[in-house]
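Participant: Could you have a look at this structure, given as structure tokens, before my questions?
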Amino acid sequence: MSTTIYKVDPLQDTRWEEFLQRHPRASVFHTRGWLEALRRTYGYVPVAYTTCSPHTELRNGLAFCQINSFLTGRRLVSLPFADHCEPLVDSADDLNEIFAFLSVEVERKKLEYVEIRPRTSVCASMPEFVIGKTFCFHALDLSLDSEQLFRSCHKDCIQRKIRRSEREGLTYEEGRSEALLDKFYRLLLLTRRRHELPPQPLKWFRSLISCLGDRVQICVASKQGQPIASILTLRYKNTFVYKYGASDARFHNLGGVPLVFWRAIQQAKKEALQEFDLGRSDYENPGLIAFKDHWGTTRSVLTYLRYPAQDFQSTDGYRTRLAKQVFARLPDSILTLTGKLLYKHLG
């Protein structure tokens, strides 16, 4: 390395938020709010690496959290529980210098690996990192007017279900009150059980609301006072992000899920946001991919990168299948406790 790499504390260094406001690829996942929620809930300590010396303006930065787990190993992740986290480094030379530094950090700190989750292919030419997991990614251009957006949706899977929800008299609420969080979380437990997985800890969602404030919104659709579908969304700059969804499968035919998405999109339009980020989907979940396709979105590939190379996908798949067999048999209280104990090891 010919360039000195400096460490920045994004939670304390006032330059970090100023830098994010200037950088066009900065997302909600880079923000102090997201990083502080990770610290409060899981104890992760965030750090950013830059070629910019202290007391000078930040021009680049690559944010990480170090996860220290006796179950899943010690590693640097950019960033835990974020669908994507773009390296905010515009110079290929600077990026190479930071990557070279990180490869040394792996050896020095005895880390299992470093993982980067770019949204674009900015890191594709970096030889130190190899392709890790890949996901399907969807985004919706909100520059069209509401009528055009509605017409671009699938007639049977989206348009008719939204109209069905109106005929059924479903009610809609949005906000971030404890009451709405409770409705969302009860639906989340149903959804995660349906997928044979534990729910994220309730503390995580409380931390997001506390740390991100009005950038977080919970949307809930109900039938005669009973919550049947909900999503949790994030906002940052001109982007509206779908992060978590939950529903009661017994009422899917009423159109509650399309309703909460559509009403959230309408709100984003009112705020003149430009993009609806629908997040990543596992390729093993074609139903979710099709649902996102039906909104007239653009589909692309998220490619995560790791150093050093590891044969992790087959092992992860085996562990997941084994864990699901256990989760499927746990009562709700134990499943919720499992999530509270387990997620800090995942990231």
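The values are calculated or read from the model by the stated rules, or taken from the named source; none is laboratory data. All values reported here derive from a predicted model rather than from experimental measurement. Cβ coordinates were reconstructed from backbone atoms using ideal geometry, including for glycine residues, and neighbour counts include every protein chain displayed.
Participant: So, restricting to strands (runs of 3 or more DSSP E) that lie completely within the range 181-299, which ones have at least 1 residues that are in contact with a Gly (Cβ under 7 Å, 6 or more places away or on another chain), aromatic (Phe, Trp, Tyr) and closer than 26 Å to residue 340 by Cα?
Facilitator: Fully inside the range 181-299 and qualifying: 239-247.
Participant: Same structure again: Out of everything in the range 1-56 that is assigned to a strand (DSSP E or B) and modelled with pLDDT of 95 or more, what residue ends up being surrounded by the fewest Cβ atoms within 10 Å (Cβ to Cβ)?
Facilitator: As a first pass, look at the range 1-56 and keep what is assigned to a strand (DSSP E or B): 6-8, 45-50.
Those still in the list that are modelled with pLDDT of 95 or more too: 6-8, 46-50.
Working: 6: 16, 7: 12, 8: 21, 46: 24, 47: 18, 48: 24, 49: 23, 50: 26.
Going through the qualifying residues, I end up with 7.
Participant: Search the range 300-313 for residues being in contact with a Phe, Trp or Tyr (Cβ under 7 Å, 6 or more places away or on another chain) and assigned to a strand (DSSP E or B), and hand back the single one that is nearest to residue 101 (Cα to Cα).
Facilitator: My answer is 307.
Participant: Would you check which residues across the range 105-120 are over 20 Å from residue 346 (Cα atoms) and in contact (Cβ under 8 Å) with a residue 60 or more places away in the chain and list them? Outline the logic, then answer.
Facilitator: As a first pass, look at the range 105-120 and keep what is over 20 Å from residue 346 (Cα atoms): 105, 107-108, 119-120.
The answer is 119, 120.
Participant: Determine, yes or no, whether residue 64 is at pLDDT 95 or above, touching a strand residue (DSSP E or B) at 6+ places or on another chain (Cβ under 7 Å) and outside any helix (DSSP H, G or I). Full working, then the answer.
Facilitator: On the way: at pLDDT 95 or above: yes; touching a strand residue (DSSP E or B) at 6+ places or on another chain (Cβ under 7 Å): yes; outside any helix (DSSP H, G or I): yes.
Considered against the rule, which asks whether it is at pLDDT 95 or above, touching a strand residue (DSSP E or B) at 6+ places or on another chain (Cβ under 7 Å) and outside any helix (DSSP H, G or I), residue 64 comes out as yes.
Participant: Here is a list of conditions, (1) in a strand (DSSP E or B); (2) buried (at least 22 other Cβ atoms within 10 Å of the Cβ); (3) touching a residue at least 40 places away in the same chain (Cβ under 8 Å), and residue 75 meets all of them except one; can you say which number that is?
Facilitator: (2)
Participant: Oh, and also: With the condition kept exactly as written, say whether any residue in the range 142-163 is under 28 Å from residue 237 (Cβ atoms), touching a strand residue (DSSP E or B) at 6+ places or on another chain (Cβ under 8 Å) and of a type in the set (Ser, Thr, Tyr).
Facilitator: no
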